[in-house]
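The values are calculated or read from the model by the stated rules, or taken from the named source; none is laboratory data. Worth saying up front: this structure is predicted, and the values here are computed from it rather than measured. FYI the Cβ positions are ideal-geometry reconstructions off the backbone, even for glycines, and counts take in every protein chain you see. Each accessible area value is taken on the protein alone, full model and side chains, heavy atoms only, with ligands, DNA and RNA left out. Shrake-Rupley method; radii C 1.70, N 1.55, O 1.52, S 1.80 Å.
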Amino acid sequence: MTAFRLPILAFVLLAAGSPAFAAEQPVDPYVVSDANAGTTPIQGDAVYKAFHGREGVARIVSDLVDRNVDDPRISDIFKAADLERLKRTLTEQFCYILGGPVSYTGRDMTAAHKDQGLQTSDFNFLVENLQWAMDKEGVPFRDQNRLLAKLAPMKRTMVER
Ligand code: HEM
């Protein structure tokens, strides 16, 4: 093994071996990278500020995940999910995409949604719930649309039909 591979291996093992928080379940090994977020960040910090920074994003994500779990149209998909981990990684991902000073440490979108059998309708229901959560946080419509424009192309990496 060449010298430069050792730190990479250590990072992969770290990412997989012990959950970042005690309440989280371990997941299969993966390489931690911002590229796993599935898109590039919005430039500048204006949109991040419109979401009220990390605390605002955390509120939106918490409301979104809770609403998905309670939404009879998609609740079954969330039955076996690790909600602690989902809230943490989704908050990181949104902060990163919105131009905040946050790294994404979760899995890529294909790995995260593997075997869920997601359909376009599931994606649309989740977007509806996200819009509700962003409204609740008081995020202006134009800033909501900046995030949605980044998320929309990800559909093809997770939806099966
Ligand atoms: C653009 C849209 C979406 C984004 C950005 C997104 C993002 C994420 C992220 C960051 C994770 C966690 C990754 C990790 O654990 O490392 C995740 C997991 C998950 N997502 Fe999504 N997701 C999207 C769409 C959906 C949809 C449409 C559904 C279902 C209606 C869904 C259901 C789930 C579930 C159930 C998990 C947890 C899987 C587990 O615990 O193993 N996601 N998603």
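Table for the structure above
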| quantity | calculated |
| --- | --- |
| Percent accessible area from carbon and sulfur atoms, the range 34-158, protein chains only, probe 1.4 Å | 52 |
| Helix axis angle, 120-137 relative to the chain longest principal axis, alpha carbon, degrees | 70 |
| Projected area averaged over orientations for the chain, convex hull of C-alpha atoms, nm² | 10.2 |
| Dipole moment magnitude, nearest 20 debye, the range 84-161 about Cα centre, only Lys, Arg, Asp, Glu C-beta charged | 160 |
| Summed side-chain charge close to Lys136 - residues other than Lys136 whose Cβ falls under 10 Å, Lys, Arg +1, Asp, Glu -1 | -1 |
| Peptides ranked, highest mean first, by Cβ atoms within 10 Å: ranges 53-64, 108-119, 70-81 | 53-64, 108-119, 70-81 |
| Estimated dipole of the range 34-158 in Debye, rounded to 20 [Cβ of Lys and Arg +1, of Asp and Glu -1, Cα centre] | 260 |
| Cα-based reach from Lys114 at 30 Å (exclusive), listing lysines while leaving out same-chain residues under 8 positions away | Lys79, Lys87, Lys150, Lys155 |
| Prolate/oblate/rounded label for the range 67-161 (Cα gyration tensor, a/c 1.5) | rounded |
| Residue-normalised accessible area of the range 43-161, given per residue in Å² at a 1.4 Å probe | 53 |
